Amino acid sequence: MTNAAVIVAAGRGLRAGGGVPKQWRDLGGRPVAVRTLDAFRDHPGIERIVLVLHPDDMDRAPAFADPPAVTVVTGGATRRDSVLAGLEALEGQGIARVLIHDVARPLTRAATITAVLAAIDTGPGSARGAAPALAVTDALWRGQGGEVTGAVARDGLCRAQTPQGFPYDAILAAHRAHPGEAADDVEVARAAGIAVAIVPGEERNLKITTPEDFARAATFLGGTMDIRTGNGFDVHAFGPGGHVTLCGVRLPFDRGLEGHSDADVGMHALTDAIYGALAMGDIGRHFPPSDPQWKGAASHIFLAHAADLARTEGFTLTHCDVTLICERPKIGPHAVEMQGELSRIMGVDPARVSVKATTSERLGFTGRGEGIAALATATLVRA
């Protein structure tokens, strides 16, 4: 009896951060998708594997051509469409049992795969699937508007996991007949009258959804997070003008700030802090002042580049802090707006951005009102 696995990897999964779909991000030295595939390729009970990819990711297909038992197909608009595409790719190959697994669960152990396979019943006159799950142990509430509105009894409730396994012919027919989307394949199976047995799940068989899940997964692997901190410092002198731009916000003022670009001292310091955390130099390395195209350039170009570069390198910006040092203009009334503008440019939650100000007690060039200085710190994490 031939057993197969369908690995669903056609989602975009951008909530996990990193700037790329989560299945292609690094986890302990290997992409998530490769870890997930290896769990099934290494299992002696799995003889065929179908990997379902998003159309935009089909250029990655050649990397999975070896061993030949891995077939790559294009997914559909919904998860159920993608599962059906994977199941249909196995048609006519004598498949008895099939496991359907989310690529975002890269830490599935061989024991879980074995348990699901053993619980699938393909005997005469019966069709039973199997899936791993964990009992719900926390209290459950209903909530609305940020307040608790009621309690939910947790007796008999389970946290569903994958792989979810079924007799192949039965689940293929169930998916073809199902009228719409479904939460998972167990829902499709039960709608078709297929019973589903529960086998014990594992906490380590987590589904990666958010940046924090990468940290949890790294803990299970025994790995460590790559945590980087960078500092930035910048100074611009006052000159002629009728406004200053600080942290992306234009403030009316009786003078302006002098600089090669728009002289946004706060944004420059923060940009350098991110580059510093990446060990990739400073603004001058990426946007040389000798290049005339950057004269008068808006500083959001620099900050967006640094934030995108961090994501490309697999980092999440977990926090940044900007301190503006000046006697005037007053920063406090504009700090929240600055926080919002920086978070928008970098594509991060405003709760991860801090903007504040201080004076130098009338000491030094800032105390004499000759200019503004800024100090910034950025923390990046790569799990």
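With the dipole of the chain worked out from charges on the C-beta (+1 for Lys and Arg, -1 for Asp and Glu) around the Cα centre, which of 32, 312, 117 lies farthest toward the positive end?
It is 117, whose Cα lies furthest towards the positive end.
Pop a pseudo-label 7 angstrom from the Cα along the beta-carbon direction at both residue 61 and residue 237 and give the gap in nm to one decimal.
If labels sit at residue 61 and residue 237, their model points lie 6.2 nm apart.
Which is farthest toward the positive dipole end of the chain among 133, 104, 23, measuring Cα position about the Cα centre, with Cβ charges +1 (Lys, Arg) and -1 (Asp, Glu)?
Checking the options against the dipole of the chain, the answer is 133.
Suppose every Lys and Arg Cβ carries +1 and every Asp and Glu Cβ carries -1, with no other charges. What dipole size does the chain come out with about its Cα centre, to the nearest 20 debye?
Using only the charged Cβ atoms, the result is roughly 420 debye.
Quick one: compute a quarter of the convex hull surface over the Cα atoms of segment 254-383 and quote it in nm².
8.3
Order the peptides 98-107, 135-144, 29-38 from the highest to the lowest mean number of other Cβ atoms within 10 Å of their residues.
The most tightly packed comes first, giving 98-107, 29-38, 135-144.
In straight Cα distance, which aspartates and glutamates are under 12 Å from residue 207, not counting same-chain residues fewer than 8 positions off?
102
Which value, in Å³ per residue, describes the convex hull spanned by the Cα atoms of segment 143-190?
Per residue, the Cα convex hull of segment 143-190 comes to 125 Å³.
Suppose a student asked you for the relative contact order of segment 270-346, using Cα pairs under 8 Å spaced at least 6 residues apart; what percent would you report?
Relative contact order comes out at 32 percent.
Once you keep just the Cα pairs under 8 angstrom separated by 6 or more residues, what percentage relative contact order results for the chain?
It rounds to 16 percent for the chain.
For the chain, what is the Kirkwood estimate of the hydrodynamic radius, computed as the reciprocal of the mean inverse distance between distinct Cα atoms, to one decimal in Å?
24.1
Could you check what % of the DSSP bridge pairs in the chain are antiparallel, to the nearest 5?
60
Would you calculate the separation in nanometres between label points at residue 139 and residue 88, each defined as 7 Å from the Cα along the Cα-to-beta-carbon direction?
4.9
For residue 356, give me every one of the aspartates and glutamates with a C-alpha distance below 17 angstrom, ignoring sequence neighbours fewer than eight places off in its own chain.
Cα-Cα hits under 17 Å: 234, 264, 321, 327, 337, 341.
Using the Cα centre of segment 226-382 as the reference point, and only Cβ charges (+1 on K/R, -1 on D/E), how large is the resulting charge dipole? Debye, rounded to the nearest 20.
So the magnitude is around 180 debye.
For residue 356 and residue 219 in the same chain, what is the full-extension length gain: residue separation times 0.36 nm, less their Cα-Cα distance, in nm?
Using 0.36 nm per residue and subtracting the Cα-Cα distance, I get 45.9 nm.
What order, most packed first, do the peptides 266-272, 370-376 have when packing is the mean number of other Cβ atoms within 10 Å of each residue?
Those peptides, ordered most packed to least, come out 266-272, 370-376.
Values quoted throughout were computed directly from the atomic coordinates according to the rules given, and no laboratory measurement underlies them. Every value quoted in this text rests on a predicted model; they were computed, and no experiment measured them. Neighbour counts run over all protein chains shown; Cβ positions are idealised from the backbone, glycine included.
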